[in-house]
Amino acid sequence: MPIKINNSRCIQCIGCASVCPTGALELQGLSMVFHPEKCISCGICARACPANAITFTPKNEKEKKKRTDSNEKK
Ligand code: SF4
Ligand code: SF4
């Protein structure tokens, strides 16, 4: 999953849901619910969150690191 929501930090401002271009975030009761199948890993929600409740990890970050490491010459 490209993002993680820490619901204990979330203040239910719905900022993330309002900026998400694909509707992957939704307020259900007192929790933000993430729909990973809709997410395009843009990271906008994490930048918009005023409570730092969203951790964004780009999908290919691990692969990118692997490629960079294997390309490095000693
Ligand atoms: S990373 Fe982008 S598409 Fe995914 S939930 Fe956040 S704003 Fe929506
Ligand atoms: S922007 Fe942050 S604080 Fe606001 S609803 Fe989304 S996760 Fe919660």
Selection status of LYS66, under 13 Å from the mean Cα position of the chain (by Cα) and either small (Gly, Ala, Ser) or modelled with pLDDT under 95 (or both) = no
Taking region 25-46 and keeping only residues that are charged (D, E, K, R) and either buried (at least 17 other Cβ atoms within 10 Å of the Cβ) or within 9 Å of ligand 1 (Cβ to nearest atom) (or both), one is left with LYS38
In region 4-24, anything in contact with a strand residue (DSSP E or B) (Cβ under 7 Å, 6 or more places away or on another chain), surrounded by 14 or more Cβ atoms within 10 Å (Cβ to Cβ) and either under 10 Å from CYS49 (Cβ atoms) or among the polar types (S, T, N, Q) (or both) is listed as ILE5, CYS10, GLN12, CYS16
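The values are calculated or read from the model by the stated rules, or taken from the named source; none is laboratory data. Bear in mind the structure is a predicted one, so any value in this text is a computation, not a measurement. In this analysis, Cβ positions are derived from the backbone assuming ideal geometry, glycine residues included, and neighbour counts consider all displayed protein chains.
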